[in-house]
Amino acid sequence: MNIELNHTIVPARDKLAAAKWFARILGLQFDESSASYFAPVRVNSSLTLDFANGWNFDCHHYAFKVSEEKFDEVFARLRAEGILYESGPPNQFGDMKINHRGGGRGVYFSDPDGHVLELLTVG
């Protein structure tokens, strides 16, 4: 069996707010009644992000390879909500451009807790 990432913990100041934001922006489902110690958001059939409350944490980078159609959907939500995005890693925050590395499209943006999220269509 290959190794696959099953879940990871995402620290947040407010796990429920973070899980709702993440699910809304990426177009995923979040069932608030499933929250207990963690607020789980299923990303796909094999990966769940478990949001957990915490105040002292480092910001992380989460990159998601998506289809062209999913990229368009998420990118439209970023723009509609006025979320700053950029074409490159965090040193270019807010250039409001996407990149075309490897012949695909990519974009970086931050969640309310400062984690850097990346969408890319070509891995």
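The values are calculated or read from the model by the stated rules, or taken from the named source; none is laboratory data. Small disclaimer: the values here were computed from a predicted structure and weren't measured. Cβ coordinates were reconstructed from backbone atoms using ideal geometry, including for glycine residues, and neighbour counts include every protein chain displayed. All accessible areas refer to the heavy atoms of the entire protein, side chains included, with ligands and DNA or RNA removed. Shrake-Rupley method; radii C 1.70, N 1.55, O 1.52, S 1.80 Å.
If we keep just the residues of region 104-114 that are modelled with pLDDT of 95 or more and part of a loop (DSSP other than H, G, I, E, B), which is most open to solvent (accessible area, probe 1.4 Å)?
PRO112
In region 38-58, what residues are of a type in the set (A, V, I, L, M, F, W, C) and assigned to a strand (DSSP E or B)?
ALA39, VAL41, VAL43, LEU47, LEU49, PHE51, ALA52
Starting from region 1-24, keep only residues that are β-branched (Val, Ile, Thr), then list their pairs with residues that are assigned to a helix (DSSP H, G or I) whose Cβ atoms are within a distance under 6 Å, requiring at least 6 positions of separation or different chains.
Here the result reads none, with nothing in region 1-24 linked to a residue that is assigned to a helix (DSSP H, G or I).
Can you tell me which residue within region 24-37, out of those that are of a type in the set (Gly, Ala, Ser) and outside any loop (DSSP other than H, G, I, E, B), is surrounded by the most Cβ atoms within 10 Å (Cβ to Cβ)?
So the residue we want is SER34.
Can you tell me which residue within region 62-89, out of those that are assigned to a loop (DSSP other than H, G, I, E, B) and more than 15 Å from TRP21 (Cβ to Cβ), is nearest to the chain's Cα centre (by Cα)?
Applying the filter and picking the extreme gives VAL66.
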